[in-house]
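Here the structure comes first, spelled out in structure tokens, and everything after it is commentary.
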Amino acid sequence: MISLRKRSLSRVFLIAACAFVVRWLTVSSPKSAADAQAHEIKEHNFIERARKDKSLNVQRHRFLQARMGRDEGDELMGDIIRNGATDYWERFQLPYILNKDTSSMDTQHVVGAIDQLLSLNGWVAALCPTLTRPFGQHKHDNAYDDLVREDHLYYVAIVIHSADHFLVDQLAVIVQMAKRLGTNNLFVSMLDYDSSDSTETLTDLCEAVLTLLGVPFRIRRVAGMTEDPAAAYYPLEEAHMRNLALEPLHELYKKRGIRFQRVIWLKGFTCPNDILETIKISFANEASMVCGMDWAEHNGFFIFSDRWRTRDIDGDQFRQSKSSSKAEAVPPRDRLGASRYAQHLPFQVFCCEAGTHVVDPEQSYYKGIAYRAGSDFHNLSRAEAVPTRDPDAPCLDSSQAWFCRDLWVRSARDAMDEVDQVNDHNKHNPLARRAAAPPPDVQVAPRDGILPGQAAGDGLRRQPNAAAAVDADANAGSDYDAMPEEEDGLSEESLPEPIHLSIPNSNFRPARILVNPRCPTTYAGVSHTQLALDLFGTGEGDSLQAGVGKYILEDWDGAPESFVCQEQRQTGGRKATKTQRRLGFSIHDELQR
Ligand SMILES: *[C@@H]1O[C@H](CO)[C@@H](O)[C@H](O)[C@H]1NC(C)=O
């Protein structure tokens, strides 16, 4: 591991050296008023309008590679370094560059540097093909050819908040994806939120590498929402960062009519093939969101680590399980989810984020869903009384949890709108009128053969509900496995009785949110080989007959009628105290709001 890191570091420096010279040659133009606007996506001009150019061609459109908010402030000895570099350039480089052929940075160098990058020799990502995966996924080099042939557009979003240790490997993954999917099929949006580590330098490196490769990007640095990080409200910050990272997505659509098929949120480190597979699962299921699973090292074990945002399809919190846990103690608590997890198959959840995740913008961002957070939190920096909140006041949880609920409600609303449209159409069409059954009292949204009151998987799901009463660990913000509760910053509150809704959530079209357990996301220093063995064994036992079933979920459940709401009721940054309660969730009520 150590030697790997060292090697990858020296490689970084080599590439950085190449890249900076390239930057010098290409982007060292004097600042002007026009420059300040250079990052903006331009609308089609007169000539383009006729052809409706929707390509992400960086050679033709300079604004597709933009850097915003670069910290140009004076650094310690900054002018000495700058003078030295300029001197070197002017005395030893420039005089010898008489034309293209005598430039030290000729095409050959650039091509060589890119080759170095693409081979990923020495990066953590280089280890990926050696890791075991179920269904022999890594053994087939052409497993994603069909995906590549579709020529879809992908939007890669990264939020960096003082987490420079991921960035180099994430860059490697992006480069690898660009190689597979085509450099003009990606747009990379990086948001550096007030980082205080070496993120600044590494985003310079990303800029240079993406420029070299001709991948469109916007790299942007923004200041924190509050001057004192302790006065921040983390869910609000989360929402703010993500919406900023999505700004180019909306701009590209509004100004140039470019629509992306999938948005990939890169978090931690995920192997490129696992991302491609998650994308494949996303398309095969028309899923609104597919997440990986996030594993952190803890006392020599790997534990599932995103319990703040992930809820199974019964609304319960995932267990903090070890990667080697037995069948009865795997992360998802619901029976169907646990059984599919054990077979390494994608399973439905109420909400997830866990590591790298893939979102369908057509079902979310392009419909106006943005990230948000609760607002009636207690600001500890102000001498105010603690606000009193109703027992059923909205949950003050993560912005991702809000996003998931928005997806469920949106899916239900869309289905109802479609029913209305059909009814409208039938009203004006006397022949069809008799055939159309009158809508039942409850507005019902049938989809894919899921009938009212018969949400698929219902039988399976109700049984474990009864069993849950016996499972003392359920919903208790558990210390089931390794970590003591304090690490969650969690204090316990009583959980009210289960709630019975007058109009069940199973009457509405479900949101398609899945977890792909074959897509582990990890952090620096994790022993990837051991984790892969824990999770998937040797991978040989899996029958290849799983066929198309390994991608598709046949039966979709309705939303749970209540969920474990883990909330942050006060300011205090990321680590602020969290409390927990069980809260009802009625899609019918949400639709009335
Ligand atoms: C909390 O209050 C302080 C002091 O008025 C303010 O600076 C800060 O922005 C507030 N925090 C949030 C998240 O609104």
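The values are calculated or read from the model by the stated rules, or taken from the named source; none is laboratory data. None of the values given here were measured: they were computed from a predicted structure. Using ideal geometry, Cβ is built from the backbone for each residue, glycine included, and neighbour counts are taken over all protein chains shown. Accessible surface is based on the protein model in full, side chains and every heavy atom, while ligands, DNA and RNA are left aside. Shrake-Rupley method; radii C 1.70, N 1.55, O 1.52, S 1.80 Å.
Structure data summary
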item: Qualifying positions in the range 557-573 - open to solvent by less than 10 Å² (accessible area, probe 1.4 Å), in a strand (DSSP E or B), more than 16 Å from the ligand (Cβ to nearest atom) and not β-branched (V, I, T); result: F563, C565, Q566
item: Any hit, the range 246-269, residues being closer than 18 Å to D71 by Cα, away from the ligand (no atom under 16 Å from the Cβ) and outside any loop (DSSP other than H, G, I, E, B); result: no
item: When residues of the range 324-333 are limited to those that are open to solvent by 10 Å² or more (accessible area, probe 1.4 Å) and touching a helix residue (DSSP H, G or I) at 6+ places or on another chain (Cβ under 7 Å), the one farthest from R133 (Cα to Cα); result: A327
item: Checklist (1) at pLDDT 95 or above; (2) within 16 Å of the ligand (Cβ to nearest atom) applied to S282, failing item; result: (2)
item: Selection status of S399, touching a Phe, Trp or Tyr at 6+ places or on another chain (Cβ under 8 Å), more than 21 Å from I281 (Cα to Cα), open to solvent by less than 10 Å² (accessible area, probe 1.4 Å) and among the small types (G, A, S); result: yes
item: The range 154-165, residues that are touching a residue at least 60 places away in the same chain (Cβ under 8 Å) and either farther than 12 Å from T199 by Cα or surrounded by 21 or more Cβ atoms within 10 Å (Cβ to Cβ) (or both); result: Y154, Y155, V156, A157, I158
item: Test result for I303, touching a residue at least 60 places away in the same chain (Cβ under 8 Å), crowded, with 23+ Cβ neighbours inside 10 Å and in contact with a strand residue (DSSP E or B) (Cβ under 9 Å, 6 or more places away or on another chain); result: no
item: Which numbered condition L380 misses (of (1) closer than 24 Å to E237 by Cβ; (2) surrounded by fewer than 19 Cβ atoms within 10 Å (Cβ to Cβ); (3) out of contact with any Ser or Thr (no Cβ under 9 Å at 6 or more places or on another chain)); result: (3)
item: Number of the exception - R518 against (1) open to solvent by less than 20 Å² (accessible area, probe 1.4 Å); (2) assigned to a loop (DSSP other than H, G, I, E, B); (3) modelled with pLDDT of 90 or more; result: (2)
item: Condition check for F269: under 19 Å from A157 (Cβ atoms), within 14 Å of the chain's Cα centre (by Cα) and crowded, with 23+ Cβ neighbours inside 10 Å; result: yes
item: Sole residue being part of a loop (DSSP other than H, G, I, E, B) and either modelled with pLDDT of 70 or more or polar (S, T, N, Q) (or both), chosen from P510, P496; result: P510
item: Failed criterion for E238 (all others in (1) open to solvent by less than 10 Å² (accessible area, probe 1.4 Å); (2) within 16 Å of the ligand (Cβ to nearest atom); (3) outside any helix (DSSP H, G or I) hold); result: (3)
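Let's see how each residue does on (1) outside any loop (DSSP other than H, G, I, E, B); (2) surrounded by 11 or more Cβ atoms within 10 Å (Cβ to Cβ); (3) at pLDDT 65 or above:
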{"residue": "K31", "(1), (2), (3)": "no, no, no"}
{"residue": "A38", "(1), (2), (3)": "no, yes, yes"}
{"residue": "K42", "(1), (2), (3)": "no, yes, yes"}
{"residue": "S55", "(1), (2), (3)": "no, yes, yes"}
{"residue": "D74", "(1), (2), (3)": "no, no, yes"}
{"residue": "G84", "(1), (2), (3)": "yes, yes, yes"}
